[in-house]
Amino acid sequence: MTLIKSISGIRGTIGGNQGDNLTPIDAVKYAAAYGSWVKSQRDKDTYRVVVGRDARISGNMIQQLVMQTLVGLGINVVDLGLSTTPTVEVAVELEHADGGIILTASHNPKQWNALKLLNHKGEFLDAASGQKILEIAEAENIDFSEVDDLGKIIKNDAYIDLHIDEILDLELVDEDSIKKAGFKVVVDGVNSTGGIAVPLLLEALGVHAVKLYCTPNGEFPHNPEPLKEHLTDLMQMVVDEKADFGIVVDPDVDRLAFVDENGDMFGEEYTLVAVADYILKNKMGNTVSNMSSSRALRDVTEQHGGQYTASAVGEVNVVSEMKAQNAVIGGEGNGGIIYPELHYGRDSLVGIALFLSHLANENVSVSVLRKRYPSYFMSKKKIQLTPELDVDAILKAFEEKYSSEDIKTIDGVKIDFPENWVHLRKSNTEPIIRIYTEAKSQQVADDLADRFIKEIEEVANI
């Protein structure tokens, strides 16, 4: 059983002992710390926080605890009920709220849940804000409101529809072309809120949606991380239904992957590549993804005359770099689309609308579209080290060893070779170095990862 306290939120397994898991007491403790932080940011008479959740079995319990804690702090709560992470982010902006909380553990199994914390812009907290909330929680010196100053809960279940309306209003969402194309699409909603939101979006765009696992009961029918090995039912159903393609999202709908008309994976890394290609064809500009994402985005960006920049891993880092570079599109290679014309957060719904627009305008099959992009293959491995080893010193040794190459050190050590790259990162919670590589064949990517594992063992004398 686990409780992970980090600057990006509180994540843990349900049940067990306080402080070791995400128990009701822990949910209240960290909700109170967040609420106190919200009130410290602005001197106001009233405060408002948006709260929504995915369909996890524990979601309603955790949401009630969180909302009532905020009420006890004198904060008004906008209760979205079952929602998506990007919908809550959009709602914070539209409500002019002081913050937001999404109750979801993303792609983790059903025994997990989490409090994802947003600022008044509907964006994830930066490191300093997250650290401050952790400090408030540990100090346990929360000033709750008196009886006449308690907050109120305002229910609003319209925000998924409002989110979709905002998407349909975007200039580059080509509603007419999508409707004319007459697409048929299979949707795997992993029995969470994607099963609500994605079919509603497709219906609004005139797309025939075939539902697979779209009952939002939190009973995930497969591992909820949208990877090939978990999606055999979707891949088969696309073929059986003679659909144009398949869509799968994670439980909180901020990761997006496609299956082509033949039942083959489009490639999660290529979700962002395809959407960026469409955006850049219509609006010249720059792009950003994190350092562990595919080089294909760089290639496509440069083909369109833009500049590509890699950020440190983590959505907040991608968003920060996108703002610095004035990027027109960005995201992460795990299928996370960040389109600033709507908001600065990973959003599967806007990703679907833009992908459909691209496909309708190109008038080709999904498999043909995929072949237009450069093919790269990734290997993701890790090496366990003993606790007494200095991981930072090991990474520094690689920085010096490969100093003649194109090296970036904003997040571990990334070495860009002419034909491939390797990214070495340390875990924040255990003595592990993660080794990510990319090359033009799977064999070369795997061999490169194995080579660096051996080099790490030599440097560490293990």
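The values are calculated or read from the model by the stated rules, or taken from the named source; none is laboratory data. No experiment lies behind these values; they were computed from the predicted model shown. Virtual Cβ from ideal backbone geometry, glycine too; neighbours counted across all protein chains shown.
How many residues are assigned to a loop (DSSP other than H, G, I, E, B), small (Gly, Ala, Ser) and touching a strand residue (DSSP E or B) at 6+ places or on another chain (Cβ under 6 Å) if we restrict to segment 364-418? Total satisfying the criteria: 1. A single member of 274, 327 is farther than 25 Å from residue 411 by Cα and crowded, with 22+ Cβ neighbours inside 10 Å, and it is 274.
Would you call residue 79 of a type in the set (D, E, K, R) and either free of Cβ contacts under 8 Å to residues at least 60 places away in the same chain or within 22 Å of residue 23 (Cα to Cα) (or both)?
yes
Taken over segment 6-22, the criterion of being in contact with a strand residue (DSSP E or B) (Cβ under 8 Å, 6 or more places away or on another chain) and at pLDDT 90 or above is satisfied by 10, 11, 12, 13, 14, 15, 19, 20, 21, 22. Within segment 27-65, restricting attention to residues that are among the charged types (D, E, K, R) and touching a Leu at 6+ places or on another chain (Cβ under 9 Å), the residue that is nearest to residue 153 (Cα to Cα) is 53.
Within segment 226-264, the set of residues being within 19 Å of the chain's Cα centre (by Cα) and surrounded by fewer than 21 Cβ atoms within 10 Å (Cβ to Cβ) comprises 227, 228, 230. Each residue in segment 77-128 was checked for being closer than 22 Å to residue 257 by Cα, among the β-branched types (Val, Ile, Thr) and outside any loop (DSSP other than H, G, I, E, B), and 5 of them qualify. Among the residues of segment 217-244, those identified as touching a Ser or Thr at 6+ places or on another chain (Cβ under 9 Å) and either on the phi > 0 side of the Ramachandran plot or without any contact (Cβ under 8 Å) to a residue 60 or more places away in the chain (or both) are 218, 222. You will find that of 125, 117, 70, the residue that is over 21 Å from the mean Cα position of the chain (by Cα), aliphatic (A, V, I, L, M) and closer than 19 Å to residue 41 by Cβ is 70 and no other. Within the set 436, 402, the sole residue that is surrounded by 15 or more Cβ atoms within 10 Å (Cβ to Cβ) and touching a residue at least 60 places away in the same chain (Cβ under 8 Å) turns out to be 436. Report yes if residue 101 is of a type outside the set (Asp, Glu) and more than 19 Å from the chain's Cα centre (by Cα), otherwise no. No: the conditions fail for residue 101. Which of the residues belonging to segment 379-390 are surrounded by fewer than 19 Cβ atoms within 10 Å (Cβ to Cβ) and in contact with an Asp or Glu (Cβ under 9 Å, 6 or more places away or on another chain)? Residues satisfying the conditions are 381, 384, 387.
With the requirement that a residue be in a helix (DSSP H, G or I) and of a type in the set (D, E, K, R), what does segment 263-295 give you?
Those that are in a helix (DSSP H, G or I) and of a type in the set (D, E, K, R): 268, 269, 277, 281.
The sole residue among 62, 10 that is surrounded by 20 or more Cβ atoms within 10 Å (Cβ to Cβ), touching a Pro at 6+ places or on another chain (Cβ under 9 Å) and touching a residue at least 24 places away in the same chain (Cβ under 8 Å) is 62.
Filter segment 296-310 for residues that are crowded, with 21+ Cβ neighbours inside 10 Å and not in a helix (DSSP H, G or I); which is nearest to the chain's Cα centre (by Cα)? Residue satisfying both the conditions and the ranking: 310.
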